[in-house]
1. Straight-line reach only, C-alpha to C-alpha below 30 angstrom: list the lysines that K177 could link to, leaving out same-chain residues fewer than 8 apart.
2. Considering Cα pairs under 8 angstrom that are at least six residues apart, work out the relative contact order of the chain and quote it in whole percent.
3. Fewest Cβ neighbours within 10 Å first, please rank T115, T16, T103 accordingly.
4. Whole number please: convex hull volume per residue, Cα atoms of region 12-173, in Å³.
5. With θ set to phi - 60° and the Karplus curve 6.51 cos²θ - 1.76 cosθ + 1.60, what are the ³J(HN,Hα) couplings of region 126-136 in order, to the nearest whole Hz, using x for Gly and Pro?
6. State which helices in the chain qualify, where a helix is a whole DSSP H run, it must extend 24 Å or more along its own axis by its Cα atoms, and its mean Kyte-Doolittle hydropathy must be at least 0.0.
7. At most 15 other Cβ atoms within 10 Å and a DSSP loop assignment: could you name the trypsin sites (Lys or Arg not before Pro) in region 1-55 that fit?
8. Over all distinct Cα pairs, what is the inverse of the mean 1/r for region 1-85, reported as the Kirkwood hydrodynamic radius in Å?
Amino acid sequence: MLALGTRLPEFALIDTVSGRRFSDSDFKAKGGLLVVFICNHCPFVVHIRHELVKVAAEALDAGLGVIAINSNSVESHPQDGPSHMKELAKSEGWPFPYLFDETQAVAKVFDAACTPDIFLFDADFKLAYRGQFDDSRPSNGKPVTGVDLRAAIAAVVAKAPVSPEQKPSIGCNIKWKS
């Protein structure tokens, strides 16, 4: 896992909805940045997606930047390709960019391993949180609340320390190119 306190890695990726190129420097004026590695098909992402979009909107309203990144190989998972990403984000009205990491270089520099994999950077763009959304899983019956991420966002917005007790994300492995 990426160490807490790590500076936001540099990246430059295309938003599948707008076609606009986004980079780390586009978010420097924000109070922090939420980066979520997701994809279209993963049951763990599908399970939390509705609430994740709500939490992302709350983060945007609080002055943070938000991006979602899909790094899955389209060779093995064509349903995660850019046209399908665009269709999903548009149909659900996502208020944040959905970026495609075709080379998978960005996932590697973040040490992203699964979907969802969540990284929250503070106003100094140092990693404050890298962990799970909440304790809910597709088959465990616990409600999807986003409590872990919401608590981390609240701390970052308040410029307070985020608890170092962070549970790692659980989900589908990123589908790496062969």
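Derivation of every value follows stated rules applied to the coordinates shown; laboratory data play no part. What you see is a predicted model, and the numbers here were worked out from it, not measured in a lab. Glycine gets a Cβ as well: all are built from the backbone with ideal geometry, and neighbour counts include every protein chain shown.
1. Qualifying lysines at Cα under 30 Å: K86, K90, K108, K126, K167.
2. 30
3. Working: T115 29, T16 22, T103 11.
Taking fewest neighbouring Cβ atoms as first place, the list is T103, T16, T115.
4. Values: hull volume 17.0 nm³, N = 162.
Dividing the Cα hull volume of region 12-173 by its residues yields 105 Å³.
5. Rounded to whole hertz, the list is 10, 5, 9, 8, 8, x, 6, 6, 5, 7, 6.
6. Numbers: long enough: 43-61 (28 Å, 0.54).
Flagged H segments are 43-61.
7. On the way: sites: R7, R20, R21, K28, K30, R49, K54; in loops: R20, K28, K30.
Answer in residue order: R20, K28.
8. Details: mean 1/r = 0.0700 Å⁻¹.
Taking every pair of different Cα atoms in region 1-85, averaging 1/r and inverting gives 14.3 Å.
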